[in-house]
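*Asks:* The structure follows.
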Amino acid sequence: MNNDQRDGYHQDVIHTSRTSYSINSISGGCPMAGDGYVHYQERVDGQKIRERSPSFADHHGQARMFWNSMSGWERDHIVAAFLFELGHVRRKPVREGVLAQLAGVHADLATRVAQGLGLPVPPAQDGHDLASPALSQAAQPPAGIATRKVAILAADGGDADALNPVRQALEDRGAICEVLAPHEGQTGPLSVDRSLGMVSSVLYDAVLLTDGAALSAVGNAVHFVREAFKHGKAIGAVGSGATLLEAAALPGSQEVVSGDDGLIEAIAVHRHHDRDITGFAA
């Protein structure tokens, strides 16, 4: 219904009139008032009641279904998130109140968070066992590598002949590759996009190592690889890049792929949360 109301809810019309009122003398009389809402007269007998459906009293059902649908690593992340946030809450009664709500979601969730906070586990509450794979990231099919950002760690001794075919295969599929090196400018035949001291691994979806011989002695490069590994990101190596893996001391060389096909497949998974990073510092 067109009317004289402007800047209200969900207003996405680009108004060209200089005025927002009618009647006016400077915009040709626009905006013009249209037909407004017309009441339909009908006889109504009895009591008129406005109340919510009984389903509104279910405060935990949807959250419980979400928890039931999560994979193991997703539940670990949820528990860690609650512990992080509640760790900033200094009032014990507030913490206990949140735990009581979590018990309504699921007893396992409340128990794990309570143990992390050193508080008594609240009484368990009954609930359903419904779940949906559509709610879990772990249940989703690989989405390809288009727009995924790949950090190429390089130095002056990098093997461009080994790198270029892999880089071309990644870019042909829509990935965005950036060359990172200890310094800007040129590193061997490669143009450097950013220096290692200016970026972090959290800005990228995957890492491709090209010159481990030189980068093994660069602390930023070693930390970059370890942090990316801990965050479950795909890691590939060409040429002497394998030397940097030894310096990073990753727990399991089977997690590192070589060749464009293997790296493309690993990046398409997006995150490899099944890695054992217990005790792995990064």
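*Asks:* Being open to solvent by 60 Å² or more (accessible area, probe 1.4 Å), more than 30 Å from the chain's Cα centre (by Cα), touching a residue at least 12 places away in the same chain (Cβ under 8 Å) and closer than 30 Å to residue 61 by Cβ is true for just one of 124, 213, 143. Which residue is that? Before the answer, list the steps.
*Replies:* Working: 213 fails: closer than 30 Å to residue 61 by Cβ; 143 fails: more than 30 Å from the chain's Cα centre (by Cα).
Of the residues listed, the single one that is open to solvent by 60 Å² or more (accessible area, probe 1.4 Å), more than 30 Å from the chain's Cα centre (by Cα), touching a residue at least 12 places away in the same chain (Cβ under 8 Å) and closer than 30 Å to residue 61 by Cβ is 124.
*Asks:* Then there's this: Does the stretch 246-268 contain any residue that is modelled with pLDDT under 95, of a type outside the set (S, T, N, Q), open to solvent by 50 Å² or more (accessible area, probe 1.4 Å) and more than 27 Å from residue 141 (Cα to Cα)?
*Replies:* Yes - at least one qualifying residue is present in the stretch 246-268.
*Asks:* Restricting attention to the stretch 33-43, does a residue exist that is modelled with pLDDT under 90 and either open to solvent by less than 50 Å² (accessible area, probe 1.4 Å) or under 31 Å from the mean Cα position of the chain (by Cα) (or both)?
*Replies:* Yes - at least one qualifying residue is present in the stretch 33-43.
*Asks:* Then there's this: Which residue is farthest from residue 170 (Cα to Cα), if the candidates are limited to the stretch 201-213 and must be modelled with pLDDT of 95 or more and not hydrophobic (A, V, I, L, M, F, W, C)?
*Replies:* 201
*Asks:* Here's another thing I want to ask about it. Tell me which of these residue 272 doesn't satisfy, since it passes every other one: (1) surrounded by 22 or more Cβ atoms within 10 Å (Cβ to Cβ); (2) touching a helix residue (DSSP H, G or I) at 6+ places or on another chain (Cβ under 8 Å).
*Replies:* (1)
*Asks:* I need the full set of residues from the stretch 86-100 which are surrounded by 14 or more Cβ atoms within 10 Å (Cβ to Cβ) and in contact (Cβ under 8 Å) with a residue 24 or more places away in the chain, in order please.
*Replies:* Listed by number, the residues that qualify are 86, 95, 96.
*Asks:* In the stretch 137-159, which residue that is in a loop (DSSP other than H, G, I, E, B) and touching an Asp or Glu at 6+ places or on another chain (Cβ under 6 Å) is farthest from residue 207 (Cα to Cα)?
*Replies:* Taking the candidates together, the pick is 157.
*Asks:* Any residue at all in the stretch 170-178 that is open to solvent by 40 Å² or more (accessible area, probe 1.4 Å), touching a residue at least 40 places away in the same chain (Cβ under 8 Å) and not hydroxyl-bearing (Ser, Thr, Tyr)?
*Replies:* yes
The values are calculated or read from the model by the stated rules, or taken from the named source; none is laboratory data. Because the structure is a prediction, the values reported are computed rather than measured. Cβ: placed from backbone, ideal geometry, glycine included. Neighbour counts: every protein chain shown. What goes into the accessible areas is simple: the full protein's heavy atoms, side chains included, and nothing from ligands, DNA or RNA. Shrake-Rupley method; radii C 1.70, N 1.55, O 1.52, S 1.80 Å.
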